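Novice: Sharing a structure with you now.
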Amino acid sequence: MAEEGSSERSEINGGLPSMDSTESRWVFQDEDDSEFDVDEDYDNARHRAVLDSEDEEDDDNAEQRLIRTGPRVDSFDVEALEVPGAQRNEYEDFSMGKKIILAFQTLGVVFGDVGTSPLYTFSVMFSKAPIDGNEDILGALSLVLYTLILIPLIKYVLVVLLANDDGEGGTFALYSLICRHAKVSLLPNQLPSDARISSFRLKVPSPELERSLKIKERLEASLTLKKLLLTLVLAGTSMVIADGVVTPAMSVVSAVGGLKVGVDAINHEQVVMISVAFIIVLFSVQKYGTSKVGLAVGPALFIWFCSLAGIGIYNIVKYDSSVLRAFNPVYIYYFFKRNSTKAWYSLGGCLLCATGSEAMFADLCYFSVRSVQLTFVFLVLPCLSLGYLGQAAYLMANQTGADQVFFHSIPSAAFWPVFFIANVAALIASRAMTTATFSCVKQSMALGCFPRLKIVHTSRKFMGQIYIPVINWFLLVVCLISVYSISNMDEIGNAYGIAELGVMMMTTILVTIVMLLIWQINIVIVLSFITFFLGLELVFFSSVLWSVGDGSWIILVFAVIMFFIMSIWNYGSKLKYETEVKQKLSMDLMRQLGSNLGTMRAPGIGLLYNELVKGIPAIFGHFLTTLPAIHSMVIFVCIKYVPVPVVPQSERFLFRRVCPKSYHIFRCIARYGYKDVRKENHQTFEQLLIESLEKFIRREAQERSLESDGDCDSDSADETSCSRVLIAPNGSVYSLGVPLLADFRDTDRPTNEASTSEEVNPAPSADPPLTAEQSLERELSFIHKAKESGVVYLLGHGDIRARKDSWFIKKLIINYFYAFLRKNCRRGIANLSVPHSHLMQVGMTYMV
């Protein structure tokens, strides 16, 4: 995990105040959240001081209240009276030597893409706008320098990196950040308890709060805006994946193309063949992970940047130091005045100097924001600027050497060492974008927008470093096809620009929403940001689209295919979840069946996996009618990803009692962040789950004893006014204001409903009532006996099919495309490595 410590997070969030998990905080409470439900989280009750004044009559009808809560407390920490602390920063205890190693890894992973842009930027620019005088060189150089300053430096390093999601970057990290502050997710599985995870870092009230609330309400109320937001996110992610295809093609082909300068006998076909070999090697070593490969290539990239700066200084001194005049932006005006349409065509080549900016943001999960910012400002940007200045100085004296200008400008004595370093840097650049692609795909999987695939964690220390085999080989195949189909560097550069600009524009829009909704900064600053940068990117985009017919359309087609895959998976998953919610079993039916559920209760624990966070899944009824017996204890397990990077282990499980106590049926929601690692085997998972269940039952007994000791009338109309208080050792006060066990007051009585079989443990009516301690020990003993009898995983494979009267397009999407993706994706239970002897599967088809 590569997260910033709490001391730096205020800087990450743009200097805005944020609340630590151990402090009180301001949150928004829906009116209906105050009502207790059997299936609601038990930690709703909290010490609260309502902000709303009683004198403000006009606020009585508001849908939300702004309330102040005590420290966030997990549902399993009440009985221990402990508040989990903030997450430890993985880098905070590093020695100076380890920090230097981390800096080298940052170079090797984050800056490889942007660092190799001098290999091809001027070559592509002057192929579209040929040099016709020194003013053209100065104008192109000025355009490149200010593009570097505006896009990678100002937009990404100084603004976009601050919009990270607790150290996580990328398109889906922005979407997750927005989902955490507004209910804009199309999958209706959000719970009020999710907002009490300590990773949810909400802001204190600010002068811009009213505007933020209006935007939040508008986003939550409009289904069209939700769909539009998701469409933007999917489009940006598809462009990132397309970027992972075209980056190796562009970087490697341009670097290997230097052979044509050093060896006259080398032709273009041979360059392509050597490039293909390099690309195959590149994707083959991807599985060794970021730490191992990043440490190996970090020093190589440091040498590359030093070489750029050294060659640049040499050329400036030798050829023409007047290129420093290019820092005057007036030469951009002269460049467009002299070349007009050709200058506009060259914008697509100019943008190549900023490629890799999105990779900096997407790869942020591997390193800290501060390390990326400092490395770029004090090393990467100066070296890149000197490299471009040196190439321009060479062209001032050799205007015919625009093709492969980088290799032509190298001093003859240093040609082959620099050629070797350039090829190593090109391979590094390709890895940087591939690594960013892995991060985006993993985030999209966690948020239900990409089919589940196998994820390999390549580092035991940093859990964010991953490798996805299917994506890796898929990118390799498409990349090789692109190299053979688009062999011309200009066409590859145009495809590169399309992919890069697509994700840049999506990032600009999403960061603008973050500014309005979360940062709550001045509206003038927000409008200036989106107007300037989106307008600038649209100008660049118009240039690259004009040449889309040259062969770069292949990348657009690939991006569209990825967009449809993600859209179909999200659409099908949403329909499946909504159908399961509609067809869930009613509590009336469960009462009619009785505590034996209308069948035999065999000793043991049955873990029934489903996606519902509330209610009894319909697949459970299918188990009851299919199996001759059901386990004496049933736990509905829901693996749920919440829109935070990490869920602390102490806050992983939420338990609820689904039916009366005699039924022995519970719900367990296992919550994971999109950055969390699910590497535990099934024995570890079972142990954690049972321990958490025991904590839940003990806490339940504690709260029952607190209620029974009080003098509050539970039958009164205003039950929520009754409160019990717990005082923690640190002085924090926790109110149990909601009668948590109000719906279970009669659950200790024998169930009188009819059953189709004999009860397992009939309760004789003549027995004296059990004390609270006896009841607790009896239930814990029941759990231990059930655990000793064995744990069985009940898997319900719920497939969906379109109804016969559905539209043809819907039938095509659901019955064929979505069915194909679901059949070939990785099943969720595969992460636990459960042996087949412990599995029991039942299939069920929903008509949607």
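The values are calculated or read from the model by the stated rules, or taken from the named source; none is laboratory data. The structure displayed is predicted, hence computed values, not measured ones. As a convention, Cβ positions derive from the backbone with ideal geometry for all residues, glycine included, and neighbour counts pool all protein chains shown. These area figures cover heavy atoms from the full protein model, side chains too; ligands, DNA and RNA do not enter into them. Shrake-Rupley method; radii C 1.70, N 1.55, O 1.52, S 1.80 Å.
Novice: Would you mind stating whether Val548 is surrounded by fewer than 21 Cβ atoms within 10 Å (Cβ to Cβ), at pLDDT 90 or above and within 28 Å of Lys342 (Cα to Cα)?
Specialist: Details: surrounded by fewer than 21 Cβ atoms within 10 Å (Cβ to Cβ): yes; at pLDDT 90 or above: no; within 28 Å of Lys342 (Cα to Cα): yes.
The answer is no for Val548.
Novice: Answer yes or no as to whether Val526 is part of a helix (DSSP H, G or I), at pLDDT 85 or above and open to solvent by 40 Å² or more (accessible area, probe 1.4 Å).
Specialist: Numbers: part of a helix (DSSP H, G or I): yes; at pLDDT 85 or above: yes; open to solvent by 40 Å² or more (accessible area, probe 1.4 Å): no.
When the stated conditions are applied, Val526 does not pass them.
Novice: Right, another one. Please verify whether Ser632 is outside the structural domain of Cys825 (by the TED database), modelled with pLDDT of 90 or more, small (Gly, Ala, Ser) and buried (at least 17 other Cβ atoms within 10 Å of the Cβ), treating the condition exactly as stated.
Specialist: On the way: outside the structural domain of Cys825 (by the TED database): no; modelled with pLDDT of 90 or more: yes; small (Gly, Ala, Ser): yes; buried (at least 17 other Cβ atoms within 10 Å of the Cβ): yes.
When the stated conditions are applied, Ser632 does not pass them.
Novice: Tell me whether region 594-611 contains one or more residues that are part of a helix (DSSP H, G or I), surrounded by 19 or more Cβ atoms within 10 Å (Cβ to Cβ) and not assigned by the TED database to the domain that holds Ile178.
Specialist: Just the residues of region 594-611 that are part of a helix (DSSP H, G or I), to begin with: none.
Checking region 594-611: not a single residue is part of a helix (DSSP H, G or I), surrounded by 19 or more Cβ atoms within 10 Å (Cβ to Cβ) and not assigned by the TED database to the domain that holds Ile178.
Novice: What's the number of the condition Phe420 fails, among (1) in contact (Cβ under 8 Å) with a residue 12 or more places away in the chain; (2) in a helix (DSSP H, G or I)?
Specialist: Going through (1) in contact (Cβ under 8 Å) with a residue 12 or more places away in the chain; (2) in a helix (DSSP H, G or I) one by one, Phe420 breaks only (1).
Novice: What are the pairs with Cβ atoms under 9 angstrom where one residue, in region 786-815, is under 26 Å from Gln841 (Cβ atoms) and open to solvent by 20 Å² or more (accessible area, probe 1.4 Å) and the other, located anywhere, is of a type in the set (Phe, Trp, Tyr) and modelled with pLDDT under 90? Sequence gap at least six, or different chains.
Specialist: These pairs meet every condition: Gly796/Tyr609; Gly796/Phe620; Gly796/Phe623; Asp799/Tyr846; Arg801/Tyr846.
Novice: Hey, can you tell me all the residues within region 313-356 that are among the polar types (S, T, N, Q) and crowded, with 24+ Cβ neighbours inside 10 Å? First the steps, then the outcome.
Specialist: The initial filter retains those residues of region 313-356 that are among the polar types (S, T, N, Q), namely 315, 321-322, 328, 339-341, 346, 355.
Across region 313-356, the qualifying residues are Asn315, Ser346, Thr355.
Novice: A further question on this structure: Output the number of the condition that Val560 fails; it satisfies all remaining conditions of (1) touching a helix residue (DSSP H, G or I) at 6+ places or on another chain (Cβ under 6 Å); (2) assigned by the TED database to the domain that holds Leu447.
Specialist: (1)
Novice: Still on this structure: So, Ser430, is that one farther than 23 Å from Met250 by Cα and touching a residue at least 24 places away in the same chain (Cβ under 8 Å) or not?
Specialist: On the way: farther than 23 Å from Met250 by Cα: no; touching a residue at least 24 places away in the same chain (Cβ under 8 Å): yes.
Considered against the rule, which asks whether it is farther than 23 Å from Met250 by Cα and touching a residue at least 24 places away in the same chain (Cβ under 8 Å), Ser430 comes out as no.
Novice: Which members of region 484-510 meet the condition of being β-branched (Val, Ile, Thr) and surrounded by fewer than 24 Cβ atoms within 10 Å (Cβ to Cβ)?
Specialist: Within region 484-510, Thr508, Ile509 meet the criteria.
Novice: Checking Gln373 against (1) under 21 Å from Asn494 (Cα atoms); (2) open to solvent by 10 Å² or more (accessible area, probe 1.4 Å): exactly one of these is not met. Which one?
Specialist: Status for Gln373: all satisfied but (1).
Novice: Based on this model, can you work out whether Ser444 counts as assigned by the TED database to the domain that holds Leu153, of a type outside the set (A, V, I, L, M) and surrounded by fewer than 18 Cβ atoms within 10 Å (Cβ to Cβ)?
Specialist: Details: assigned by the TED database to the domain that holds Leu153: yes; of a type outside the set (A, V, I, L, M): yes; surrounded by fewer than 18 Cβ atoms within 10 Å (Cβ to Cβ): no.
Against the criterion (assigned by the TED database to the domain that holds Leu153, of a type outside the set (A, V, I, L, M) and surrounded by fewer than 18 Cβ atoms within 10 Å (Cβ to Cβ)), Ser444 does not qualify.
Novice: Further question: Quick one: which strands (runs of 3 or more DSSP E) lie wholly within region 720-833 and hold at least 3 residues that are at pLDDT 75 or above?
Specialist: 791-801
Conditions tested, residue by residue: (1) in contact with a Leu (Cβ under 6 Å, 6 or more places away or on another chain); (2) under 27 Å from Leu158 (Cα atoms); (3) not assigned by the TED database to the domain that holds Leu153.
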{"position": "Asn339", "(1), (2), (3)": "no, no, no"}
{"position": "Leu347", "(1), (2), (3)": "no, yes, no"}
{"position": "Cys350", "(1), (2), (3)": "yes, yes, no"}
{"position": "Gly356", "(1), (2), (3)": "no, yes, no"}
{"position": "Asp363", "(1), (2), (3)": "no, yes, no"}
{"position": "Ser371", "(1), (2), (3)": "no, yes, no"}
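Novice: For region 237-271, which residues satisfy the criterion of being among the small types (Gly, Ala, Ser) and closer than 25 Å to Cys449 by Cβ? Before you say what the answer is, go through the steps one by one.
Specialist: First, pick out the residues of region 237-271 that are among the small types (Gly, Ala, Ser): 238, 242, 244, 249, 251, 254-255, 257-258, 262, 265.
Within region 237-271, Ser238, Ala242, Gly244 meet the criteria.
Novice: I would also like to ask the following. Give the residue, chosen from Val478, Val539, that is over 29 Å from the mean Cα position of the chain (by Cα) and either part of a helix (DSSP H, G or I) or aromatic (Phe, Trp, Tyr) (or both). Break it down into steps so the answer makes sense when it comes.
Specialist: Numbers: Val478 fails: over 29 Å from the mean Cα position of the chain (by Cα).
Just one listed residue meets the conditions, Val539.
Novice: Sticking with this structure for a sec: Which residue, of Thr375, Thr400, is outside the structural domain of Val644 (by the TED database), out of contact with any Gly (no Cβ under 6 Å at 6 or more places or on another chain) and free of Cβ contacts under 8 Å to residues at least 24 places away in the same chain?
Specialist: On the way: Thr375 fails: free of Cβ contacts under 8 Å to residues at least 24 places away in the same chain.
Within the list Thr375, Thr400, the selection yields Thr400.
Novice: Does Phe378 satisfy being farther than 26 Å from Val246 by Cα and of a type in the set (Phe, Trp, Tyr)? Break it down stepwise before answering.
Specialist: Working: farther than 26 Å from Val246 by Cα: yes; of a type in the set (Phe, Trp, Tyr): yes.
It is true that Phe378 is farther than 26 Å from Val246 by Cα and of a type in the set (Phe, Trp, Tyr).
Novice: Restricting to region 649-670, count the residues that are more than 19 Å from Val634 (Cα to Cα) and of a type outside the set (Gly, Ala, Ser).
Specialist: Just the residues of region 649-670 that are more than 19 Å from Val634 (Cα to Cα), to begin with: 649-652.
Narrowing further to those that are of a type outside the set (Gly, Ala, Ser): 649, 651-652.
Qualifying residue count for the region: 3.
Novice: Take Ser142 and decide whether it is in contact (Cβ under 8 Å) with a residue 24 or more places away in the chain, assigned to a helix (DSSP H, G or I) and open to solvent by 10 Å² or more (accessible area, probe 1.4 Å). Spell out the reasoning first.
Specialist: Working: in contact (Cβ under 8 Å) with a residue 24 or more places away in the chain: yes; assigned to a helix (DSSP H, G or I): yes; open to solvent by 10 Å² or more (accessible area, probe 1.4 Å): no.
The answer is no for Ser142.
Novice: Would you check if there is a residue in region 396-416 being assigned to a helix (DSSP H, G or I), polar (S, T, N, Q) and open to solvent by 30 Å² or more (accessible area, probe 1.4 Å)?
Specialist: Restricting attention to region 396-416, the residues satisfying the condition of being assigned to a helix (DSSP H, G or I) are 396-397, 405-408, 412-416.
Retained after the next criterion (residues that are polar (S, T, N, Q)): 412.
Filter once more, so that each one left must be open to solvent by 30 Å² or more (accessible area, probe 1.4 Å): 412.
Yes, there is a match, as at least one residue in region 396-416 is assigned to a helix (DSSP H, G or I), polar (S, T, N, Q) and open to solvent by 30 Å² or more (accessible area, probe 1.4 Å).
Novice: Here is a further query. Would you confirm, using the coordinates I've provided, whether Leu364 is open to solvent by 30 Å² or more (accessible area, probe 1.4 Å) and either over 23 Å from Thr247 (Cα atoms) or touching a residue at least 12 places away in the same chain (Cβ under 8 Å) (or both)? Please lay out each step first, then the result.
Specialist: Details: open to solvent by 30 Å² or more (accessible area, probe 1.4 Å): no; either over 23 Å from Thr247 (Cα atoms) or touching a residue at least 12 places away in the same chain (Cβ under 8 Å) (or both): yes.
For Leu364, the condition - open to solvent by 30 Å² or more (accessible area, probe 1.4 Å) and either over 23 Å from Thr247 (Cα atoms) or touching a residue at least 12 places away in the same chain (Cβ under 8 Å) (or both) - is not met.
Novice: Please state which one of Lys640, Lys614 is open to solvent by less than 10 Å² (accessible area, probe 1.4 Å) and either within 25 Å of Lys695 (Cβ to Cβ) or without any contact (Cβ under 8 Å) to a residue 60 or more places away in the chain (or both). Don't jump to the end; show me each part of the working.
Specialist: Numbers: Lys614 fails: open to solvent by less than 10 Å² (accessible area, probe 1.4 Å).
Testing whether each residue is open to solvent by less than 10 Å² (accessible area, probe 1.4 Å) and either within 25 Å of Lys695 (Cβ to Cβ) or without any contact (Cβ under 8 Å) to a residue 60 or more places away in the chain (or both) leaves just Lys640.
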